[in-house]
Amino acid sequence: MSTAEPDARTQPVASKLRPWGLAHHFESLSQQQDASYFGMWIFLVQEIMFFGGLFTAYIVYRTANPTAFALGSDSLDLTLGAVNTAVLIGSSLTMALAVWAAQTGRRRTIVVFIILTILLGGVFLGIKTVEYGHKWHEHHVPGPSFHWDGPEARGVQMFFNLYFAMTGLHALHMVVGMAILAAVAVWAWRGAFTPGNHNLVEGLGLYWHFVDIVWIFLFPLLYLLGRHAG
Amino acid sequence: MSSNETAPTNYLNADYGVRSWLFTVDHKRIAILYLIAVTFFFALGGLMAVLIRLELATPAGDLVQADVYNRLFTMHGVLMIFFFLIPAIPGVLGNFLIPIMIGAKDMAFPKVNLASWYVYMAGGLFAAWSMLHGGVDTGWTFYTPFSTAFSNTYVISTAIGGFLAGFSSILTGLNFIVTVHRMRAPGLTWFRLPLFVWSLYATAIVQILATPVLAITLVLLIAERAFRIGIFDPALGGDPVLFQHLFWFYSHPAVYIMILPAFGVISELVSAFARKRIFGYRVVAAASVSIAVLGFLVWGHHMFVSSQSPYAGVIFSLLSMLVAVPSAVKVFNWTATLYEGSVSWETPMLYALGFIGLFTIGGLTGVMLATMGIDIHVHDTYFVVAHFHYVMVGAVLMAYLGGLHFWWPKITGRMYPIFWSKISALLVFVGFNLTFFPQFLLGYLGMPRRYHAYPDEFQVLNVLSSAGATVLGVGYLIPLVYFFWSMRYGKRAGDNPWDAFGLEWETTSPPPTFNFPATPKVTLEAYDYTGRAEARLARTQPVRSSP
Ligand SMILES: [Cu+2]
């Protein structure tokens, strides 16, 4: 390779005007943007592996206890789950619109759609809390107070172990996403994003869609599969 | 080559004060932060090893009780694996060198880079806190249900420490991947990259794909221990073998998170001190990636006796042996590089040659252990202990030390005392073999691991091992002393003290904050010593002919 040979040291540093918002170590805005999106995709790959461990546990235990998992699934509130699915897909739409607004440089519109996204996320978490509350009253929360009237109590408890672990971690991802969305809304209001430089909005959009997609898998696995087999 | 002009400002003297270090986003300063931290954790883990070897000098359990001994080997493993071996080469040498080797000003995400150090330190705090309160006794593997239902030690805080260390490792890997993809200098194509970059790229793939599985496993372990959300405890309907599957799905590839960067270092050293392009450059690069991929398919070799089906065992056994192919390719290609090279016996090269020998032994005993019949015989004995210490200490630590000795003049601008560095390289090699070779014999004779007392007939070999550990300890202390010494008193090294090939040797020692005055343009293949000589000649000719 040999190149920045001694003579390169004496070359003057290119004194081109650096665009606004370009970090010191990038050559151009497009390089910065590429790096930013690519980084988010890699982050999502590790998220897939993170949830992958849980899905593996689900597959293993569901295969071992098919009847119990159907019984547990039957005891979930399908209506609330379905409404939540719709709410979350709606929030992905508003998120996508926020990204569109950032691409086209509509400052206020970005803020409006981000706030809508946060609100829909809040509705989802609210409904989830109601569902968790029902399970608490029915003594379906795993632990010493767990109680199940019916066959396969141990297998059903395993279903609820996984139900709470999976939906809980999913909800945690939403809380983190909403907190960052709130910060991004403030920055957007202050005009931090331009059509050429809005990596944060776009990257966060990818993250939000990912969290949405996780739920798209969780909903059938937990609420629908084998529902009438029990 | 140019004169030894030293740039007036470099990354070390660009700014002063603790704040300028703790809030730095310069990859080179972050590398120094890692260097300090991993050295500290290595010393702490080493202290545990000292106590372990002291206890094992006599057959009776006279120095520590069994439960203290359990905590000692557990904390030794946790500290050395999560807080030293995994972050050492990527965190220190990788952080320092990757941007320079690819002609970039910094990592793609400098703030994430700094954050990964803080996450790592937070993990270290959790581990240290657990230790101060009495430690953990589950073994570094945290096997359930012992870890979730029975152990009365600090499992949760240690697991949080491991989780955080893992997350830091993920962020480092993410940064490396994006940096190598998006930040390469003009002309630096993939097949012109130094093999160190290839190795860390392959490592990063493993970090991204394997570490999250450890993270979720530790989360579930904590949930089970703290809230009785039973996923693994049979009393709660769980399956402890699932824990082992998930754990080893990470922890076998974790071996490659440790060894692949070491391969990269050795490729650089062998090429630099044989003055030759590495033999079969593309094959060595591809071998790194194929080890990374194969590494995901072999975790079951840790579970031959854990109720895994024998058919699964056979498959895992075969796949594990397959890993030996790309590993052997590397060893043969390093050796072939030496052939007809002009080999010089500088300190880093001593480490590299030591690495090749020790890794060969570690690797071959790995093939033995991948054979189910032998594994069942020596399972959970000192044979296994000796095997993975040959790979992790004999290979990884040798490579890390070799790399430090090679790039130290670049990192600090100073040279360490050559004589003492050769003495210590020799001590490390001799001490290491004396420590761990007897353990192969002990294991084969049937001494189980993880016991603080043993039958009298094993004493001779154990005393040899403890004596070797003393030599090894001295071998590690000497560099610690002279590296510190050299920072102030070492003689100035110049930009390229080894006359080696690579972008990092084209900039000043220590490099300026942005590494190069202008983004370099790459025109030569990697390790093109011949091409470089011609280029130099062509450059000097007109100067000579000018009046
Ligand atoms: Cu393994």
Restricting to the range B:503-518, name every residue that is in a loop (DSSP other than H, G, I, E, B), buried (at least 21 other Cβ atoms within 10 Å of the Cβ) and facing chain A (nearest Cβ under 7 Å). B:Glu506, B:Thr507, B:Phe516
Which residues, taken from the range B:468-499, are outside any loop (DSSP other than H, G, I, E, B), under 30 Å from B:Tyr529 (Cβ atoms) and open to solvent by 70 Å² or more (accessible area, probe 1.4 Å)? B:Arg492
Considering the range A:56-66, residues that are of a type in the set (A, V, I, L, M) and more than 7 Å from chain B (Cβ to nearest Cβ), and then whichever is surrounded by the most Cβ atoms within 10 Å (Cβ to Cβ), we arrive at A:Ala64
If you take just the helices (runs of 4 or more DSSP H) that sit entirely in the range B:25-124, which of them hold at least 3 residues that are within 14 Å of another protein chain (Cβ to nearest Cβ), under 24 Å from B:Thr519 (Cβ atoms) and under 22 Å from the mean Cα position of the chain (by Cα)? B:27-55, B:95-101
Out of all the residues in the range B:271-299, which are within 16 Å of the ligand (Cβ to nearest atom) and either buried (at least 19 other Cβ atoms within 10 Å of the Cβ) or within 14 Å of chain A (Cβ to nearest Cβ) (or both)? B:Ile291, B:Ala292, B:Leu294, B:Gly295, B:Phe296, B:Val298, B:Trp299
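For (1) assigned to a helix (DSSP H, G or I); (2) at the interface with chain A (Cβ under 10 Å from one of its Cβ atoms); (3) at pLDDT 95 or above, each residue gets a yes or a no:
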site	(1), (2), (3)
B:Val178	yes, yes, yes
B:Phe196	yes, no, yes
B:Thr203	yes, no, yes
B:Gln207	yes, yes, yes
B:Val213	yes, yes, yes
B:Ala223	yes, yes, no
B:Ala226	yes, no, no
B:Ala235	yes, yes, no
Sole miss for B:Thr217 among (1) open to solvent by 10 Å² or more (accessible area, probe 1.4 Å); (2) within 8 Å of another protein chain (Cβ to nearest Cβ); (3) within 16 Å of the ligand (Cβ to nearest atom) is condition (1)
Could you please tell me which pairs satisfy a Cβ distance under 8 Å, a separation of 6+ or placement on different chains, a first residue in the range A:104-131 that is farther than 22 Å from A:Pro195 by Cα, and a second residue that is outside any helix (DSSP H, G or I)? A:Glu131/A:Leu76; A:Glu131/A:Asp77
Quick one: in the range B:528-541, of everything that is in contact (Cβ under 8 Å) with a residue 60 or more places away in the chain and either at the interface with chain A (Cβ under 9 Å from one of its Cβ atoms) or farther than 23 Å from B:Met349 by Cα (or both), which residue is surrounded by the most Cβ atoms within 10 Å (Cβ to Cβ)? B:Asp528
Just a yes or no: is a residue in the range B:306-317 open to solvent by 20 Å² or more (accessible area, probe 1.4 Å) and under 30 Å from B:Tyr476 (Cβ atoms)? no
Which ones in the range A:92-103 are open to solvent by less than 40 Å² (accessible area, probe 1.4 Å) and either touching a residue at least 60 places away in the same chain (Cβ under 8 Å) or among the aromatic types (Phe, Trp, Tyr) (or both)? A:Ser92, A:Met95, A:Ala98, A:Val99, A:Ala102
Within the range B:392-423, can you find the residues that are part of a helix (DSSP H, G or I) and touching a Lys or Arg at 6+ places or on another chain (Cβ under 8 Å)? B:Trp408, B:Ile411
Single unsatisfied condition, B:Leu12 versus (1) aliphatic (A, V, I, L, M); (2) more than 26 Å from B:Ile160 (Cβ to Cβ); (3) within 19 Å of the chain's Cα centre (by Cα); (4) open to solvent by 30 Å² or more (accessible area, probe 1.4 Å): (3)
Taking the range B:248-270, which residues are within 16 Å of the ligand (Cβ to nearest atom) and not small (Gly, Ala, Ser)? B:Trp248, B:Phe249, B:Tyr250, B:His252, B:Pro253, B:Val255, B:Tyr256, B:Ile257, B:Met258, B:Ile259, B:Leu260
What number of residues in the range B:138-171 are among the polar types (S, T, N, Q) and within 12 Å of chain A (Cβ to nearest Cβ)? 1
Residues of the range B:300-313 satisfying the condition of being of a type outside the set (Ser, Thr, Tyr) and either in contact with a Ser or Thr (Cβ under 6 Å, 6 or more places away or on another chain) or away from the ligand (no atom under 16 Å from the Cβ) (or both): B:His301, B:Pro310
Pairs under 8 Å by beta carbon, first residue in contact (Cβ under 8 Å) with a residue 60 or more places away in the chain and away from chain B (no Cβ under 11 Å) in the range A:139-168, partner among the aromatic types (Phe, Trp, Tyr) and in a loop (DSSP other than H, G, I, E, B), six or more apart or different chains? A:His140/A:Phe146; A:His140/A:Trp148
Matching entry among B:Ser486, B:Ser424, B:Ser466 (being of a type in the set (Gly, Ala, Ser), in contact with a Pro (Cβ under 6 Å, 6 or more places away or on another chain) and at negative phi): B:Ser424
If we keep only residues of the range A:25-55 that are of a type in the set (Gly, Ala, Ser) and under 14 Å from B:Thr217 (Cα atoms), then the residue nearest to the other protein chains (Cβ to nearest Cβ) is A:Gly53
Specify which of the listed residues (B:Ala328, B:Ala324) is within 16 Å of the ligand (Cβ to nearest atom), under 21 Å from the mean Cα position of the chain (by Cα) and surrounded by fewer than 21 Cβ atoms within 10 Å (Cβ to Cβ). B:Ala324
Residue in the range A:136-148 that is polar (S, T, N, Q) and either crowded, with 19+ Cβ neighbours inside 10 Å or within 28 Å of A:Gly21 (Cα to Cα) (or both) present: no
Return the pair list, or none, for Cβ contacts closer than 8 Å from residues in the range B:477-494 that are in contact (Cβ under 8 Å) with a residue 24 or more places away in the chain and within 20 Å of B:Gly403 (Cβ to Cβ) to residues that are open to solvent by 30 Å² or more (accessible area, probe 1.4 Å) and of a type in the set (A, V, I, L, M, F, W, C), at least 6 apart or on different chains. B:Ile478/B:Trp420; B:Ile478/B:Ile423; B:Ile478/B:Leu427; B:Tyr482/B:Trp420
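The values are calculated or read from the model by the stated rules, or taken from the named source; none is laboratory data. Note that the structure is predicted; figures quoted are calculated from it, not measured. Heads up, the Cβs are rebuilt from the backbone with ideal geometry, glycines too, and the neighbour counts pull from every protein chain shown. Only protein heavy atoms, including side chains, enter the accessible area calculation; ligands, DNA and RNA are left aside. Shrake-Rupley method; radii C 1.70, N 1.55, O 1.52, S 1.80 Å.
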